[in-house]
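The values are calculated or read from the model by the stated rules, or taken from the named source; none is laboratory data. Fair warning: this is a prediction, and the values are worked out from it, not measured in the lab. Note that each Cβ is placed from the backbone with ideal geometry, even for glycine, and that neighbours are counted across all protein chains shown.
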Amino acid sequence: MSDAAPTAPVIRADAPGSFPHRTLAERHPAIIRQVRAGLPYEPPQQHALDALLKNCTEGVIEPLPADAPDRERWQSWGMDTYAGQSWFDVPWLWAESYFYRRLLGAVGYFGPGAWCGIDPFRPSKTGELHSAGTDAELSALEDLRDRPADDRDRALLSGSLWGNRADLSFQLSAEGGERREAAPGLVADDSDLLWSLLPPGGTGTLCLVADNAGRELVPDLLLIAALLTEPRIGRAVLHLKPTPYYVSDATTADVIDALHRLRSAGGLAGEYGDTLWSALGDGRLVLRAHPFSCSPLPYGEMPDDLRADFAAAGLTLLKGDLNYRRLVGDRYWPATTPFDEVTAYFPGPVAALRTLKSEVVTGLSAATEEALDKAEGRKWLTSGTHALIQVNPSAGPDGQ
Ligand SMILES: O=P(O)(O)OC[C@H]1O[C@](O)(CO)[C@@H](O)[C@@H]1O
């Protein structure tokens, strides 16, 4: 970002009782317990998980072992700077991301050994993919078959947006322990602008930066299939996580599971599944699993090859809360900070589709913020019941 770009305090988890503090102090231990119970880990993995539980609540950040395959990468992402500090004192985004890296290390994900490559979150991901909720959503898709293309596209976009509520890590500590109903209406809605960047007959490239597997990835895939079929795009690039992350984030294995699920569902879901299967085969759908997708840094610090990927797209659509935090910067922005200003650095037109699950938000009108505060206090920021669609069509070199 240029020197004139707006700025605000970076979020840390050092205030007991705050939302970020509860994430580290309560959610991370709950995730470790869930992982430990979810697979029949052997004593070395169990002991390592117990040690991580103690370390992440009471200890200081420890560097990766000398033989870790990604040690140098983490050094370039700030590991040496933060080693020795409390998890609660470093940037919240950094602490959360590093927690998931340490969790994978504890279960032997990076090998050597028999647990190499085993996703510790797979039990909850597959449970969700094969749930009655997913069945119901796939059958409901049939109702869209005979609707005008524009209506169908808007319904699929809405499915992709609200699919972001289905975040398994979030469910572990949603306020009150139970799921609350989604609020009608969006706190910001640039959907008309978004559709103008995906015109009927369009042949451009859409980059979709995925978030969660299962009930979020399924509608994301359906949206891509519809856009390719209509067509509104000629090609889609789907950015996934190279390793399991934030419990439910989608990896290549999760895409394959989701495609099997679609194809076995029959009906329109099955047709879309077949479309995506062949689009992978002929290059109209491309999968990426860039290391930076699991980095603890904002997109403002993305490497050149990723920047080039986004620059080549007619639109990059980032899904979910974490991607939003990384897009605008994980900071306590005044909610009225213009979205266009904090995303001006992005290499091309960019859109965010997200339900609100952290205290990071930009681009709201003062009236919207006031009405939300009046109705809910500050809970609307983190409850996951509100959503937004924001677009900066002029990000990138031509727009600056
Ligand atoms: O799956 P999403 O939408 O990225 O949400 C994950 C979010 O949940 C949290 O774990 C808790 O709010 C955040 O750290 C993170 O931004």
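Pick out the one residue from SER160, SER131 that is in the same structural domain as LEU388 (by the TED database), touching a Lys or Arg at 6+ places or on another chain (Cβ under 9 Å) and within 16 Å of the ligand (Cβ to nearest atom).
SER160
Go over the candidates PRO338, PRO349 one by one and state the one that is at pLDDT 95 or above and within 20 Å of the chain's Cα centre (by Cα).
Being at pLDDT 95 or above and within 20 Å of the chain's Cα centre (by Cα) holds for just one of PRO338, PRO349, which is PRO349.
Checking ALA8 against (1) out of contact with any strand residue (DSSP E or B) (no Cβ under 7 Å at 6 or more places or on another chain); (2) not in a helix (DSSP H, G or I): exactly one of these is not met. Which one?
(1)
Quickly run through the range 300-350 and pick out the residues that are assigned to a loop (DSSP other than H, G, I, E, B), touching a Ser or Thr at 6+ places or on another chain (Cβ under 9 Å) and within 16 Å of the ligand (Cβ to nearest atom).
Correct list: GLY329, ASP330, TRP333.
If you go through the range 356-363 one residue at a time, do you hit one that is more than 30 Å from THR81 (Cα to Cα), within 14 Å of the ligand (Cβ to nearest atom) and not aliphatic (A, V, I, L, M)?
Scanning the range 356-363, I find no residue that is more than 30 Å from THR81 (Cα to Cα), within 14 Å of the ligand (Cβ to nearest atom) and not aliphatic (A, V, I, L, M), so the answer is no.
For the range 269-304, how many residues are more than 19 Å from GLY78 (Cα to Cα) and crowded, with 21+ Cβ neighbours inside 10 Å? Walk me through how you get there before you give the answer.
As a first pass, look at the range 269-304 and keep what is more than 19 Å from GLY78 (Cα to Cα): 269-289.
Cutting the leftovers down to crowded, with 21+ Cβ neighbours inside 10 Å gives us 269, 272-273, 276, 285.
Total meeting the criteria: 5.
Over 26 Å from the mean Cα position of the chain (by Cα) and either surrounded by fewer than 18 Cβ atoms within 10 Å (Cβ to Cβ) or of a type outside the set (Asp, Glu) (or both): is that true of GLN46 in this structure?
Yes.
Inspect all residues belonging to the range 374-392 and state whether any of them is within 22 Å of LEU306 (Cβ to Cβ) and in contact (Cβ under 8 Å) with a residue 60 or more places away in the chain. Reasoning before the result, please.
Looking only at the range 374-392, we keep the residues that are within 22 Å of LEU306 (Cβ to Cβ), and these are 390-392.
Pick out the ones that are also in contact (Cβ under 8 Å) with a residue 60 or more places away in the chain and you get 390-391.
So far as the range 374-392 goes, yes, one or more of its residues are within 22 Å of LEU306 (Cβ to Cβ) and in contact (Cβ under 8 Å) with a residue 60 or more places away in the chain.
Count, please, the residues in the range 212-270 that happen to be without any contact (Cβ under 8 Å) to a residue 40 or more places away in the chain and assigned to a loop (DSSP other than H, G, I, E, B).
Count: 2.
Within the range 141-158, can you find the residues that are exposed (fewer than 13 other Cβ atoms within 10 Å of the Cβ) and free of Cβ contacts under 8 Å to residues at least 60 places away in the same chain?
ASP143, ASP146, ARG147, PRO148, ASP150, ASP151
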